[in-house]
Amino acid sequence: MEAATIWEWVGYLASVVVAFSLMMANIKKLRWWNLIGAALFVAYGTAISAYPVALVNFFIVLIDAYYLVKIYRAESELTG
């Protein structure tokens, strides 16, 4: 398979993962799936030199990570 074709499929997979994440009722699952999809878009954007795509999705990865840390800290405070 050509490299361009592989990266196209990574882009499609990223789109499906992000769309799937938006169907989650549980915010923690939504954040995890969205983080994975955005990370795939970072790889895709970087690979095809679409730096605006990579940059905005890197920002989304940071946002998802921030809120996941916040969620897990709140959970540990409740149990700990």
I'd like the full set of residues that are more than 15 Å from residue 63 (Cα to Cα) and of a type in the set (Val, Ile, Thr), limited to region 1-51. 5, 6, 10, 16, 17, 46, 48
For region 23-39, state whether one or more residues are open to solvent by less than 70 Å² (accessible area, probe 1.4 Å) and farther than 22 Å from residue 70 by Cβ. no
Pairs only if they're at least six apart or on different chains, beta carbon under 9 angstrom, first in region 35-59 and among the hydroxyl-bearing types (Ser, Thr, Tyr), second open to solvent by less than 40 Å² (accessible area, probe 1.4 Å) and not in a helix (DSSP H, G or I); list them, first residue then second. 44/50
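The values are calculated or read from the model by the stated rules, or taken from the named source; none is laboratory data. Keep in mind it's a predicted model, so treat the numbers as computed, not measured. Don't worry about glycine lacking a Cβ; one is built from the backbone with ideal geometry, like all the others, and counts go over all protein chains shown. These area figures cover heavy atoms from the full protein model, side chains too; ligands, DNA and RNA do not enter into them. Shrake-Rupley method; radii C 1.70, N 1.55, O 1.52, S 1.80 Å.
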